[in-house]
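Structure, as structure tokens:
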Amino acid sequence: MHFSKKLLVGVLLIFMAAPLFAQKLGYVNSQRIFAEYQEYIDAQSKLNDIKAQYQKEYDQLNQEYQQLLKTYKDQSIMLSPDRKAEMEKQIETKAMTVKQYEYQKLGPQGEFYKKQSEVGGPVMKKINEAINKVAEDDGLDVVFDASGLLYVKPDFDITQKVLDKLSAGQSKKK
């Protein structure tokens, strides 16, 4: 009886998996699209510039904070209690300014995150629309990203078609 249960389960698995084998598959190499699609490259460049500017401003604030700390440590022995308290307050205020800037500009819900959505979102939408259009045109049931696959027959690669679709969209824009 135990053997027949295994056989029944095996037969059921084969029948359940059969529709999967009948599906038309394709894959895209998203890394290649990101490397070759000019609109994506431009968006990434713009985002890198924005991030570099935020990082520069953050580094400047942090440097000012570090300088205040150094000055305080170097002079603390010679400072009056009132001046010491004043400098400690300045240090505390500057530390809060640095943390606040980092959170507002570079944090998980900060301005850079919003800029990524604003600048990168439309480009990613175009890429996804191109993938969907190629999949529909080719009658594909499933499209994978090559980054998660260990081996796929090159015949299933639709990356060039997606790049062509994206290029066609850009030439219409010009």
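The values are calculated or read from the model by the stated rules, or taken from the named source; none is laboratory data. Remember, predicted model here, so these are calculated numbers, not experimental data. Backbone-built Cβ (ideal geometry, glycine too); neighbour counts: all protein chains shown.
Among the residues of region 97-133, those that are in contact with a Leu (Cβ under 8 Å, 6 or more places away or on another chain) and of a type in the set (Val, Ile, Thr) comprise THR97, VAL98, VAL119, ILE127. Taken as a whole, the structure places LYS133 among residues that are assigned to a helix (DSSP H, G or I) and within 22 Å of LEU163 (Cα to Cα).
State whether one or more residues within region 120-136 are over 15 Å from SER30 (Cα atoms) and among the polar types (S, T, N, Q). No: region 120-136 contains no residue that is over 15 Å from SER30 (Cα atoms) and among the polar types (S, T, N, Q).
Residue count for region 89-138 under the criterion of being modelled with pLDDT of 95 or more and among the polar types (S, T, N, Q): the result is 5. Exactly one residue among LEU25, LEU47 is at pLDDT 95 or above and either touching a strand residue (DSSP E or B) at 6+ places or on another chain (Cβ under 9 Å) or closer than 30 Å to PHE144 by Cα (or both), and that residue is LEU47. For LYS133, the criteria (1) over 18 Å from TYR37 (Cα atoms); (2) touching a Lys or Arg at 6+ places or on another chain (Cβ under 7 Å); (3) surrounded by fewer than 17 Cβ atoms within 10 Å (Cβ to Cβ) hold in every case but one, which is (1). When you scan region 93-136, how many residues do you find that are among the charged types (D, E, K, R) and closer than 25 Å to ASP49 by Cα? Final tally of qualifying residues: 9. List pairs: first in region 139-163 and without any contact (Cβ under 8 Å) to a residue 40 or more places away in the chain, second of a type outside the set (Lys, Arg) and surrounded by 10 or more Cβ atoms within 10 Å (Cβ to Cβ), Cβ under 7 Å, 6+ apart or cross-chain? From region 139-163, the pairs are LYS161/VAL134.
Conditions tested, residue by residue: (1) within 17 Å of the chain's Cα centre (by Cα); (2) of a type in the set (Gly, Ala, Ser); (3) in a helix (DSSP H, G or I).
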{"site": "PRO122", "(1), (2), (3)": "yes, no, yes"}
{"site": "SER147", "(1), (2), (3)": "yes, yes, yes"}
{"site": "LYS161", "(1), (2), (3)": "no, no, yes"}
{"site": "SER167", "(1), (2), (3)": "no, yes, yes"}
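Within region 34-62, the set of residues being touching a helix residue (DSSP H, G or I) at 6+ places or on another chain (Cβ under 8 Å) and among the aliphatic types (A, V, I, L, M) comprises ALA35, ILE41, ALA43, LEU47, ILE50, LEU61.
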